[in-house]
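Each value in this text was obtained by applying a stated rule to the coordinates, not by laboratory testing. Quick caveat, the model's predicted, so the values are computed rather than measured. Methodologically, a virtual Cβ is constructed for each residue, glycine included, from the backbone with ideal geometry; neighbour enumeration extends over all protein chains shown.
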Amino acid sequence: MAEQTAVLVGIVDRIVAATDSEQVCVDDLLQAVGRASFPPVLLIPAIAVASPLSGIPLFSAMMGMVIFLVAIQMLLRRDQLWLPEWLLRRKTNSARVRLVFLRLRPAMAWLDAHTYARLTVFVHRPLIFIPQTFCVLSGLMMPFLEFVPFSSSLVGAAVALLAFGMLARDGLFVMLGLALYLGPLWLVFYVT
């Protein structure tokens, strides 16, 4: 348990350190957390979409594409992450990214302190395909959520919980992430 106590805080600190210039590109953020580890790479765009950054036009669509590409490669059990070069070069304002992640740091520290290996059946094969599939589908739906401002935030929060659960090997967070999908489902049925 002591080994996992600063997983999220460490990721946040590395992201903040990567935002030392005026603009930050997707590749800078991926290099900060390491491209060989899929859950942390999946966690970055999910947290970004769950934050107020999702109000930036086309931001959710771009992060949805990253979520889709990372999650599909997780599902296919690839060893190394591949993203298209044009996506890796996409830039955004460093100060905005830094501010969001600094504000999230206390919540990430709380999550770090309250996680440990439990309900691990959901974070190992064969059941790990369930959260991975939900992440793939979430990435695909995010461009369509652009039409309703901040609607992608709930889906981003769900993906963040799924990614964190897979990262920390904590099935409780995977279950919480899956439960968050009930909100968008209710909204779809309520609106139609």
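A quick yes/no check of all residues on (1) within 19 Å of the chain's Cα centre (by Cα); (2) surrounded by 15 or more Cβ atoms within 10 Å (Cβ to Cβ); (3) of a type in the set (Val, Ile, Thr); (4) closer than 18 Å to residue 47 by Cα:
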residue	(1), (2), (3), (4)
110	yes, no, no, yes
117	no, no, no, no
123	yes, yes, yes, no
128	yes, yes, yes, no
132	yes, yes, no, yes
160	yes, yes, no, yes
168	yes, yes, no, yes
174	yes, yes, yes, yes
183	yes, no, no, yes
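Within region 40-79, which residues are farther than 11 Å from residue 159 by Cβ and touching a helix residue (DSSP H, G or I) at 6+ places or on another chain (Cβ under 6 Å)? Result: 40, 41, 51, 53, 54, 59, 60, 61, 72, 74, 75. For region 90-114, a residue qualifies if it is touching a residue at least 24 places away in the same chain (Cβ under 8 Å) and of a type in the set (Phe, Trp, Tyr), and exactly one does: 101.
Of all residues in region 142-157, count the ones that are part of a helix (DSSP H, G or I) and either crowded, with 17+ Cβ neighbours inside 10 Å or in contact with a helix residue (DSSP H, G or I) (Cβ under 6 Å, 6 or more places away or on another chain) (or both). Please lay out each step first, then the result.
The initial filter retains those residues of region 142-157 that are part of a helix (DSSP H, G or I), namely 142-145, 152-157.
Subsequent filtering for residues that are either crowded, with 17+ Cβ neighbours inside 10 Å or in contact with a helix residue (DSSP H, G or I) (Cβ under 6 Å, 6 or more places away or on another chain) (or both) retains 142-143, 145, 152-157.
The number of residues fulfilling the criteria is 9.
Please tell me if residue 137 is of a type outside the set (S, T, N, Q), surrounded by fewer than 19 Cβ atoms within 10 Å (Cβ to Cβ) and under 14 Å from the mean Cα position of the chain (by Cα). It is true that residue 137 is of a type outside the set (S, T, N, Q), surrounded by fewer than 19 Cβ atoms within 10 Å (Cβ to Cβ) and under 14 Å from the mean Cα position of the chain (by Cα).
Considering every residue within region 13-36, establish whether at least one is surrounded by 13 or more Cβ atoms within 10 Å (Cβ to Cβ) and in contact with a Gly (Cβ under 7 Å, 6 or more places away or on another chain). No; the residues of region 13-36 include none that is surrounded by 13 or more Cβ atoms within 10 Å (Cβ to Cβ) and in contact with a Gly (Cβ under 7 Å, 6 or more places away or on another chain).
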